[in-house]
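The values are calculated or read from the model by the stated rules, or taken from the named source; none is laboratory data. Being a predicted model, the structure only gives us computed values, none of them experimental. Cβ: placed from backbone, ideal geometry, glycine included. Neighbour counts: every protein chain shown. Note: accessible area is taken over every heavy atom of the protein model, side chains too, but ligands, DNA and RNA are not part of it. Shrake-Rupley method; radii C 1.70, N 1.55, O 1.52, S 1.80 Å.
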Amino acid sequence: MHQVEVATTQETLLDNPEMVLNMGPQHPSTHGVLRVVLRLDGETVIDLDCDIGFLHRGMEKIAENRLYPMIAPYWDRLDYIAAVSNGLVWVETVEQMLGLEIPPRAHYIRTILTELNRISSHLLWLATHALDIGAFTVLLHALREREEILKIFEQQFGARLTCHAWRIGGMPNDAYEGFTEDVQRFVDIFPKRIDQYETLLSENRIWLGRTVGIGVISAADAVAIGLSGPSLRGSGVAWDIRKSRPYAAYADLDFDIPVGENGDTYDRYLVRLEEMRQSRRIVQQALKQMPDGPVNAKIPKVIKPPAGDYYHSIEGPKGEIGCYLVSDGTSRPYRVRVRPPCLINLQALRQMCVGHLVADVVAIIGTLDIVLGEIDR
Amino acid sequence: MTSTFALFAPPNFLDDLLLRFFGEQTVNYVVWPFIQIGAVITLVAVWALYASYLERKISAFMQARLGPMRVGKWGLLQPIADAVKLLTKEDLVPEKADPYIFRYAPYISVAATFITFSVVPFAPDWGVITDVNIGLLFVLSISSVGVLALILAGWSSNSKYALLGGLRSSAQMVSYEVSMGLSLVGALMFARTLSLSGITTAQASDSVWFIAYQPLAFAIFLISGIAENNRAPFDLPEAESELVAGFHTEYSGMRWSLFFMAEYAAMVVVAGVATTVFLGGWYFPGVYRLAGGSNNLYVFLSLVVFIVKMAVLLYLYFWLRWTFPRYRYDQLMDLGWKWMIPASLLNIVWTAVTIFVLQALDGRLDTVESLNRGVNLTGQGKGVAVFMGFAGLFIAALFLAYLNRHSRDFNLKKQRREIKLVDVPKGAPAVARAAADNA
Amino acid sequence: MVLSGWESVFFWVFALSALVAGLLTVMARNAVHSALFLISTLVSVAALFVLLGAEFIAGVQILVYVGGVMVLFLFVIMLVNVSAEERGSEELFNRTGQVTAAVCFVALLVFGLFYAVNQSAGSFASNRSEGAGAARLRTAETGVSKISEDTQRVGASLYRYGALPFEIASLLLLVAIVGSVLLARTSKQELVADDVDPRVIPELSAAGELTPAEIEAAARAKAFEV
Amino acid sequence: MNSPFTPALALLQGGALDNLQQSLQHPDLSKFLIIGALLFSIGVAGVLTRRNIIVIFMSIELILNAANLNFIAFSRYLQEQGSVNAVAGQVFTVFIIVVAAAEAAIGLGLVIALYRNRETIFVDKIDLLKW
Amino acid sequence: MSLVKVPRPTLGERLKRFFMADMFKGMWLTLKYNVGALTDKDSVKGFGIYTEQYPSVRPQVAPRFHGAPRLNMDPETHESLCIACNLCALACPEDCIDVIAMDIEMSVGGKPRKKKVLDEFIFDTSRCMFCALCQEACPTACLELTQEFELATYSRAGFVWNREMLEQGRESRKFEA
């Protein structure tokens, strides 16, 4: 990314029509400790540069010194909004390296809970995105539904946010008593609630004015940058790993991929809303088809994947989250590398923002749905 | 003064008491105004205090929350706790700030809003502090001074966010002031006076609120008023998600609370003026008869009527704020210059046409009673005026739609686009399909 | 027109504050302070207008001057940020020649004024018929003050005798709006507004007023419009 | 014929204090004129002496205001004298305010354009006819 | 040139826009919530209040919740269940557990035997991720993450729990409303 000169002397609007504005790292709408250096002409963004790394914890390096089961909790802390999905990448990678056969019930429960996690992640995105654009009420309405999901997580995993959801070879526990009813209740109530968000936003003329035509990125550009997830689908590329390389129980389930047309903020907003509906549909189906049986495969006492490397990725709420794992045959990985969707999506920020106003930068950061825990790792 | 209404005797009793100590002149010109001013300032300050409570409660209810609950029953003492906190907080002045201007800007803001209350007629008789023959102009001119506070606060903070906020807010207030002032002209043409009390009496003598004659002007005034107060959805200067807090980013403690107080007091000013000019002020049919000849009771009931009308408008403020997203700065300016100002100009022309039509019809339909103090209309005349008023709404809408037919934001206000649902076959790679979609 | 009682107290208060603030306007180092003092002067003068019974003009004075013109001044001061330049050791005033001229002029004016006032001493303090005009005023809502009809008379005058100048004034304002918009625009903004002849663009960029990046940015900004 | 100072001298000689008190307690038209003239001369001094073009503009506003004060004062005076069209002074003031507003808009536009090109707002540095 | 494709509105949509249906719909919803908060006591229609009043009303924590650690004791003998096997310390990704064992001499069936027993157990809750791997590793169900969740202290040292705290439970302040 190219550097913006940060001027140190006091300058005025006319001395230098190009003003440098530091947005963040402590700013209400950079979604964490992201620093965006904006070069402005009036209020129009001429150029911007992202300064990241304020939350760097060296997770990939730490993973080299831990046993395989110990690494899973660190994955939760990447994209802490979608801890369940992140955990799934890791356990599935190790399981596939080990060549384990996971019982179908575990697959179904994993599917249900990752889809719920996708909904909760999208709800938090909707909440903060709406807040950035000034619609405060949507924030708390969305958090209310997210709370329902987090309650299910708490019952199932014992934690609400960083759940440490999965274990290699299956799950720590079977679904708790009343799991089906709780999920069913949520599935029943959720469509009404989405309609309410849409009432407040989708057709509102201010919302339209703030999102339509903002942060446009064409399909070709999006693919070139390497966008994934709803940010890519908003541009009209029907790419979804749940379809193209099905994992867990997705191959048995029926769902559609919502795809935008213009690649602007409004399209991405609609895509994510529709994805929540599709996720609900998946949960509903999976709940019906969920078989009985054990939830854990037989696993060796010490996990030692055969030497070699392996890449596995799933469709996280933010995009393709992947794990590249190199094993030297010992009980600790030789190298772990995360394919972070948010970091790669953030690359599109400059292209999306230049030519827009400061207020749009906020909307665009919101629409990219970034989580700094994952960007900085 | 019957004994039944002894409760409402105090004003007269006070009057007698005061006359013992002061001469009549002094009582009329000095003591009473001071009592009234004190009462209004106290009430408005209490309102500003409790507006924060109301705002938090109403927003909480709209968001399925409870709001403040911990200090006192239902959190009723929360604003007092907040006030104590704010007053005892350290008063920070940034090192590179212009110290004098930074310190005094909040006072300008508060003074500019509080002075305005001196001409708002809360009720007839002793409910008015002073009746100035340029009342409306006075309100507009004093509230325009409030801009200075914001621009000075933003500039003196020596912070980029504050400067941007200050520039934004002053540009916003200057441009919305125009439409706000122009929208009142229509009502003035019916009332034929600038005095706010005069406008109220004109409505009372006609028994019609001017909102019926001037629905368009009322809408313009309300929108411009909300924008003028920097309230959501027009709260650009303090848009917390973009500019952190706009012009008062660097303020803390008491000076910040002064800005806060000025904002809520300014809401009351706009609501009060809207009530006076468009909603009939303290006039409500039947109140006079209800008072049964007791002047003080009548004034008191009128005061209640006025406050109720104002409360409805103030609720609207909260309601809008917690429902809508925020405009972008250029959209806000677009709305101000391309929608509000043409609409208010059109309103003036249309009102002139209305009055002309009323006078022209007078020979046949008997519409106008007199043109002396306010346009006194007969029943038929009122009908015509109301019809013209509502016709004006549609004419304005068509006119504006034509005027802005090329505007980006106008054309965006279309209903939602459908999202394509792509059903990729199970297990099949989507890449080929995506390529096909793109082609 | 002789003021008395509280009116004369207020007259002196506002007259002196107008003069002092006026002096400070001219003498303040920081242009923002200067503007603030000018605002004080304008408000004081508006108060004097009220004392003279011209409430409408006072209102207009505050509305237009304080709320409009001075905000514009502050805007421009902030845009060009003079305070930073003047805080240094730069001389506040011009060369001695101008200062002398100013002092001469002021002395001349004061001299002439004394002469004129003394010539007609006493004649201004006309024996006004107390209440001749006041009787016609109607009582205000509070019942203690009278409301003058001056505003109506000004309006009537403005539209009867002053109708043509009024229209001319509106034209003047229109010209001022257009002119200031034109003056304040940069070539870049003109480019964005699509106001530049395409043939001029190469010239501008050759003169260094526009960089290719700006031309491109303008083209992109145009593309975002629907 | 009186010398210009005769009345002033006379004021100082006999009953000066009484007269002064009288005129302070009951300011008449002449006081308004004096205030106006003083404001005017302050403005003129500002225009002539200051180097900052914005302050010069502000001084011009001061001058215009001094003129306004005179207009209003005379309008009031004539009104009491029973003149038919006494409010003409107020009407004229409205026009002056309009002109002042227009002048401020144009002038400040010029200042900004000037600042863009010359990066100074000091009049003694702006000394070329063309640049 | 436009980058955004927007469909042409139908007459119905135009009318809706003209009468600002989009705005009024949103306002109607928030009004419903506002009225619901005052009338809909238990949120039957879904427009009621959702807040938990935490300090005054204790939240129901799930049985599986991972909260403050505890060393369980045998309910009858009141002896620690911990056998000082150190498996929890090995399983911990953050190395926040220190098990300090000591050997005591005892006679089993007349023969002198050395037995490893727990001397001190240090658990650093400030580093703990509450992943429950230690709980899963414990062979005697001694170390358990309980439902206690109020772990705040005034000092960093307060986060380091020793054996006594782990067995008795920290004296935590209960906040009353």
Matching residues, region D:84-121, being more than 7 Å from chain C (Cβ to nearest Cβ) and in contact (Cβ under 8 Å) with a residue 60 or more places away in the chain: D:Leu114
Condition test on B:Arg255, is it surrounded by fewer than 23 Cβ atoms within 10 Å (Cβ to Cβ), among the charged types (D, E, K, R) and over 21 Å from the mean Cα position of the chain (by Cα)? no
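So that you can scan it fast, the table gives a plain yes or no per residue for (1) away from chain E (no Cβ under 14 Å); (2) at pLDDT below 85; (3) in contact with an Asp or Glu (Cβ under 8 Å, 6 or more places away or on another chain):
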| residue | (1), (2), (3) |
| --- | --- |
| B:Leu54 | no, no, no |
| B:Gly67 | no, yes, no |
| B:Arg70 | no, yes, no |
| B:Leu77 | yes, no, no |
| B:Val84 | yes, no, no |
| B:Lys89 | yes, no, no |
| B:Lys96 | yes, yes, no |
| B:Tyr104 | yes, no, no |
| B:Phe114 | yes, no, no |
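Taking the residues in region A:321-337 that are closer than 28 Å to A:Thr30 by Cβ and surrounded by 22 or more Cβ atoms within 10 Å (Cβ to Cβ) as candidates, determine which candidate is nearest to the chain's Cα centre (by Cα).
In the first step, residues of region A:321-337 are kept if they are closer than 28 Å to A:Thr30 by Cβ; the result is A:321-323, A:336-337.
After this cut, where a residue has to be surrounded by 22 or more Cβ atoms within 10 Å (Cβ to Cβ) as well, the list is A:321, A:323, A:336.
On the way: A:Ile321: 8, A:Cys323: 15, A:Val336: 19 Å.
Among them, the one singled out is A:Ile321.
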Look through region E:7-38, keep the residues that are facing chain B (nearest Cβ under 8 Å) and of a type in the set (Phe, Trp, Tyr), and return whichever of them is nearest to E:Thr51 (Cα to Cα). E:Tyr33
Which residues, counting only those in region B:42-53, are aliphatic (A, V, I, L, M) and surrounded by 18 or more Cβ atoms within 10 Å (Cβ to Cβ)? B:Val44, B:Ala48, B:Leu49, B:Ala51
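Which one of B:Ser141, B:Ser179 is more than 11 Å from every other protein chain (Cβ to nearest Cβ) and open to solvent by less than 20 Å² (accessible area, probe 1.4 Å)? Quick ask: steps written out before the conclusion?
Working: B:Ser141 fails: more than 11 Å from every other protein chain (Cβ to nearest Cβ).
Testing whether each residue is more than 11 Å from every other protein chain (Cβ to nearest Cβ) and open to solvent by less than 20 Å² (accessible area, probe 1.4 Å) leaves just B:Ser179.
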Just one of B:Tyr288, B:Tyr329, B:Tyr298 is open to solvent by 20 Å² or more (accessible area, probe 1.4 Å) and in contact with a strand residue (DSSP E or B) (Cβ under 9 Å, 6 or more places away or on another chain); which is it? B:Tyr329
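Taking the conditions exactly as written (within 11 Å of chain B (Cβ to nearest Cβ) and touching a helix residue (DSSP H, G or I) at 6+ places or on another chain (Cβ under 7 Å)), does C:Val26 satisfy them or not? Steps first, please.
Working: within 11 Å of chain B (Cβ to nearest Cβ): no; touching a helix residue (DSSP H, G or I) at 6+ places or on another chain (Cβ under 7 Å): yes.
Considered against the rule, which asks whether it is within 11 Å of chain B (Cβ to nearest Cβ) and touching a helix residue (DSSP H, G or I) at 6+ places or on another chain (Cβ under 7 Å), C:Val26 comes out as no.
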Could you list, in sequence order, the residues of region B:153-176 that are facing chain C (nearest Cβ under 8 Å) and under 17 Å from B:Val270 (Cβ atoms)? B:Val174
If we ask which residues in region B:87-129 are of a type outside the set (Gly, Ala, Ser) and over 28 Å from B:Tyr288 (Cα atoms), their number turns out to be 24
Quick check on this structure: which one of A:Gln278, A:Gln351 is away from chain B (no Cβ under 12 Å) and buried (at least 16 other Cβ atoms within 10 Å of the Cβ)? A:Gln351
Go over the candidates B:Leu258, B:Leu243, B:Leu236 one by one and state the one that is over 24 Å from A:Ile133 (Cα atoms) and not charged (D, E, K, R). B:Leu258
In region A:202-235, the residues that are in a helix (DSSP H, G or I) and more than 7 Å from chain B (Cβ to nearest Cβ): A:Thr211, A:Ala220, A:Asp221, A:Ala222, A:Val223, A:Ala224, A:Ile225, A:Pro230, A:Ser231, A:Leu232, A:Arg233
When you scan region B:54-80, how many residues do you find that are closer than 26 Å to A:Tyr197 by Cα, in a helix (DSSP H, G or I), open to solvent by 20 Å² or more (accessible area, probe 1.4 Å) and free of Cβ contacts under 8 Å to residues at least 40 places away in the same chain? 2
Failed condition for B:Leu92, given (1) open to solvent by 50 Å² or more (accessible area, probe 1.4 Å); (2) among the hydrophobic types (A, V, I, L, M, F, W, C); (3) part of a helix (DSSP H, G or I), with all others met? (3)
When the residues of region C:69-108 are filtered to those that are among the aromatic types (Phe, Trp, Tyr) and part of a helix (DSSP H, G or I), which remaining residue is modelled with the highest pLDDT? C:Phe73
Pairs with Cβ under 9 Å, 6+ apart, first in region B:202-226 and touching a residue at least 24 places away in the same chain (Cβ under 8 Å) and closer than 25 Å to B:Arg326 by Cβ, second open to solvent by less than 20 Å² (accessible area, probe 1.4 Å) and not in a helix (DSSP H, G or I): B:Phe221/B:Gln214; B:Ile223/B:Phe234; B:Gly225/B:Arg231; B:Ile226/B:Ala232; B:Ile226/B:Pro233; B:Ile226/B:Phe234
Limited to region D:122-131, what total is found for residues that are without any contact (Cβ under 8 Å) to a residue 60 or more places away in the chain and either surrounded by 14 or more Cβ atoms within 10 Å (Cβ to Cβ) or among the basic types (Lys, Arg) (or both)? 2
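Would you please name the residue that is nearest to C:Leu158 (Cα to Cα), looking only at residues in region C:51-68 that are at pLDDT below 85 and hydrophobic (A, V, I, L, M, F, W, C)?
Within region C:51-68, the first condition is being at pLDDT below 85, and the residues that meet it are C:51-55, C:67-68.
From what's left, hydrophobic (A, V, I, L, M, F, W, C): C:51-52, C:54.
On the way: C:Leu51: 22, C:Leu52: 19, C:Ala54: 14 Å.
Per the stated criteria, the residue is C:Ala54.
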Those residues of region A:168-181 which are within 11 Å of another protein chain (Cβ to nearest Cβ) and open to solvent by 30 Å² or more (accessible area, probe 1.4 Å), in sequence order: A:Pro172, A:Asn173, A:Glu177
Of residues in region D:37-83 being among the aromatic types (Phe, Trp, Tyr) and farther than 19 Å from D:Ala101 by Cα, the one farthest from the other protein chains (Cβ to nearest Cβ): D:Phe74
Test E:Ile83 against the stated conditions and say whether it is away from chain B (no Cβ under 14 Å), aliphatic (A, V, I, L, M), open to solvent by 60 Å² or more (accessible area, probe 1.4 Å) and out of contact with any Leu (no Cβ under 6 Å at 6 or more places or on another chain). yes
What do you reckon, is E:Thr153 part of a loop (DSSP other than H, G, I, E, B), open to solvent by less than 60 Å² (accessible area, probe 1.4 Å), more than 28 Å from A:Ile71 (Cα to Cα) and away from chain A (no Cβ under 14 Å)? yes
Cβ-Cβ distance below 9 Å, separation of 6 or more or different chains: which pairs start in region A:296-317 with a residue that is farther than 30 Å from A:Val271 by Cα and of a type in the set (Asp, Glu) and end on one that is assigned to a strand (DSSP E or B) and at pLDDT 85 or above? A:Asp309/A:Tyr324; A:Asp309/A:Leu325; A:Asp309/A:Val326; A:Asp309/A:Ser327; A:Asp309/A:Arg335
